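Participant: The following block contains the structure, expressed as structure tokens.
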Amino acid sequence: ADTMSAILKEDPPDLSETNRSVPPGLERLVRRCLEKNPPQRFQSASDLAYELESMTGASSTPVAARSGRSWSVRRAAIPGLVAAAVVAAFAAGRLLRAPRATVPSFVRVTFRRGNIGLARFAPDGETVVYGASWEGAPVAVFSSRIGNPESTPLGYAKANLAAISSTGELALSLREQSLSGTAGVGTLARAPIGGGLPRPILDFVDAADFAPDGKDLAIVRILGARSRLEYPIGKVLYSTALHLDSPRFSPGGDRIALLEQSPAGSSIVVADRNGKSARLPGTWQGIASLAWDSSGSAIWLAASGEHGDSTIYRVDLRGRPTPLVSIPDGSIVHDVARDGRILLERYHPRRAIMARPPGADSERDLSWFDLSDLTDMSPDGTTVLFTERSAAGGKPGSFFLRKTDGSAAVKLGDGVAYDLSPDGRWVLARPEGSPGLALVPTGTGTPVSLPRGEIELFGAAGFFPDGKRIFVVGAPAGNLPRWYLQDLPNGTPRRFNAEGYGSSGKPISPDGRQVVVYRDWQEDLSILPFDGGPSRPIPNTKQMDPVGWTNDGRSIYAVESNSAPARIFRVDVATGSRAPFLTLAPAGVPTVTRIFNPRIASDGKSYAYGYSTATSSDLYLVQVPR
């Protein structure tokens, strides 16, 4: 008690009273460390270190010129004295401050069952505004006061939050039907936070953020097969054939950080208002969003681990990451407050497989563990191929075959599967540790490695209907993805003139002469012939993804993008006339976030599809010690 009283009320004696050899600069430095008034003390260890370096540099040169053993001994003693003084000074300073947390603290914000869309702090720092789909209802916008478990609907249904301004105005993504990401493509609109009629601004916007002054928006959208960062709307600051997402203004408003997604993972790009940009070193897996530190000197994000876990990082503008806390579930950093609190979404992901086997009148769950990614279905509908990514698989990924009658799955190898050959004898996969693709037998035999040529990064890949060739969407080192064709088993990948196009499902026509592709949200699907002829658009197919071809090659199956339940149509490739074919939605699962990779068997009746759901998706306030 006497010591505490002395620290709070009395000035300590000068160091020179007990040790006359203490340099005046060191005494002055220690005195500042022991200031009663906190603002007059050093505000960081780096400031103190700078003063120490300056003091040492100013003192040593003139004194060292005198030489002599007495100074050498004195100089050798100073580091120990400085260390002791600094420890004592900071110990005394900490007694005058509130204790600092030594472990992360979590405060839950949302409590309902469902899935979070996108969330932001309101300008007051004590209100959270977010989009969510609760209890299977369409996504809507809510607000929650920190400390109050209730959330208030703001009156914006079928809309997800895209951003919130410093003045409290909302940017919304309208007509949002499912949550396949933090925002998703929709119509960008501005709306008052207190409710009212949204004012639409622009269609087909992926993501947006307000400038710090709250006047204009930066947006990400796709035009002409390129994803573009625009600020203000119409002025392109950055453009790429890769997918861009999560634009965020720096606190000073002079820079915009965003994610650039490639087959290898996500990179962080920082662009200024003049269009000068830089990609930070390194790639990340499983990033859905990012946020600036309040200092403007670093970026916060959550990256996924191998088995559904995640880690929160603080990344400086040189790309150097500092891991701060690991979480056994998936997580998304939505926002960071001025005082350093993180608005974090925590979720437990589940990816599952449903199938309707031949002759069955209902669907069957064919999931193996809790992260089963459907890859393909055999033409006769009796077998599914999938990659299991959960920790139960023992590796970052393992691929399996499973009969649609529900019998046990058979593990074929570790790595990632891409496609099942038409005769069912081979799986096109990228084995763990392999630099390229391989043919893995489904029965007896050994894997056959395939030449990869110039391809360094692998995206989609699949067999031609005759099983003699494959296509690969890949990229050489430092280049954008493009299409390649490759003869089996020894052919070298050769470029096919389809840069800027993507595809999904089983895109090759039954005769192997053409492929159905997409380019951007505002364009129809197109048919590209492999003989080099011109592309042909398929009318009436905007915002649709290819699923496969009918047996006669006259029509395709196409699914409405970004929808759950997923509606599949049969579309005539010549006329664009379409008819409803199938609606996919797992029975009894109210929190589906996305339906993906539907496959339709040759009989047109059997099918399989994957879906993702978050069994628990909630917002938390996280305080991470630094």
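The values are calculated or read from the model by the stated rules, or taken from the named source; none is laboratory data. On a predicted model such as this, the values are computed, not experimentally measured, just so you know. As a convention, Cβ positions derive from the backbone with ideal geometry for all residues, glycine included, and neighbour counts pool all protein chains shown. Side chains are part of the model used for accessible areas, which takes the heavy atoms of the whole protein and leaves out ligands, DNA and RNA. Shrake-Rupley method; radii C 1.70, N 1.55, O 1.52, S 1.80 Å.
Participant: What accessible area, in Å² to the nearest ten, does a 1.4 Å probe give for Lys215?
Facilitator: Answer for Lys215: close to 140 Å² accessible.
Participant: Now a separate question. Under a straight-distance cross-link criterion of Cα-Cα below 30 Å, which lysines are reachable from Lys9, leaving out those fewer than 8 residues away in the same chain?
Facilitator: Result set, ordered by chain and number: Lys36.
Participant: Moving on. Can you tell me which aspartates and glutamates have their Cα less than 17 Å from the Cα of Lys276? Leave out same-chain residues fewer than eight positions away.
Facilitator: Candidates past the 8-residue exclusion: Glu230, Asp254, Glu260.
Participant: Right, something else. Taking just the C-alpha trace of segment 411-470, give me its Rg and Dmax in Å.
Facilitator: Cα radius of gyration and Dmax of segment 411-470 are 10.9, 31 Å respectively.
Participant: Expressed as a whole percentage, what fraction of the accessible surface of segment 400-546 belongs to carbon and sulfur atoms when a 1.4 Å probe is rolled over the protein heavy atoms? Walk me through the numbers before you get to the answer.
Facilitator: Numbers: 3220 of 6640 Å².
Carbon-and-sulfur percentage of accessible area, whole number: 48.
Participant: Quote to one decimal, in nm, the extra length available between Arg112 and Glu150 on full extension: 0.36 nm per residue of separation minus the C-alpha distance between them. Intermediate values should be presented prior to the final figure.
Facilitator: Numbers: separation 38, 0.36 × 38 = 13.68 nm, distance 0.91 nm.
Extending this stretch completely gives an extra 12.8 nm.
Participant: Moving to a separate point now. Between Ser407 and Thr446, what FRET efficiency follows from the Cβ-Cβ distance if R0 is 30 Å, with the result rounded to 0.05?
Facilitator: 0.75
Participant: Expressed as a whole percentage, what fraction of the accessible surface of segment 199-314 belongs to carbon and sulfur atoms when a 1.4 Å probe is rolled over the protein heavy atoms?
Facilitator: 46
Participant: If I take every Cα pair under 8 Å that is 6 or more residues apart in segment 204-263, average their sequence separation and divide by the length, what percent do I get for the relative contact order?
Facilitator: 27
Participant: Can you list the residues, at least 5 places off or on another chain, whose amide H is less than 5 Å from the amide H of Gly381, using H built in the peptide plane?
Facilitator: Ser602
Participant: For segment 564-617, state which trypsin sites (Lys or Arg not before Pro) are in a DSSP loop and have at most 15 other beta carbons lying within 10 Å of their beta carbon.
Facilitator: Lys605
Participant: Once phi is turned into ³J(HN,Hα) by the Karplus curve 6.51 cos²θ - 1.76 cosθ + 1.60 with θ = phi - 60°, what whole-Hz value does each residue of segment 571-586 show in order, with x for glycine and proline?
Facilitator: So the J values, rounded to whole Hz, are 10, 6, 6, 8, 9, x, 5, 9, 9, x, 10, 7, 10, 10, 6, x.
Participant: Per residue, how large is the accessible surface of segment 391-510? Use a 1.4 angstrom probe and give square angstrom.
Facilitator: On a per-residue basis, segment 391-510 sits at 43 Å².
Participant: A further question on this structure: Apply the Karplus parameterisation 6.51 cos²θ - 1.76 cosθ + 1.60, with θ equal to phi minus 60°, to every residue of segment 236-241 and state each ³J(HN,Hα) to the nearest whole Hz, in sequence, with x for glycine and proline.
Facilitator: For segment 236-241, the Karplus-derived couplings read 7, 9, 7, 9, 7, 7 Hz, x marking Gly and Pro.
Participant: List the residues of segment 504-543 whose backbone N lies under 19 Å from a point placed 7 Å from the Cα of Asp487 along the Cα-to-Cβ direction.
Facilitator: Of the residues in segment 504-543, 512-514, 530-532 have backbone N under 19 Å from the label point off Asp487.
Participant: Go ahead and collect, in residue order, the members of segment 534-568 whose backbone nitrogen is under 19 Å from a label point 7 Å along the Cα-Cβ direction of Asn497.
Facilitator: 534-537
Participant: Taking 0.36 nm per residue of sequence separation and subtracting the Cα-Cα distance, how much length would be gained by fully extending the chain between Asn274 and Leu202, in nm to one decimal?
Facilitator: 23.6 nm
Participant: A further question follows. Give Lys411/Lys468; Lys403/Lys506; Lys411/Lys605; Lys215/Lys235; Lys542/Lys605 a once-over and call out the pairs whose C-alpha atoms are over 23 Å from each other.
Facilitator: Going by Cα-Cα distance, Lys411/Lys468; Lys411/Lys605; Lys542/Lys605 fall outside the 23 Å limit.
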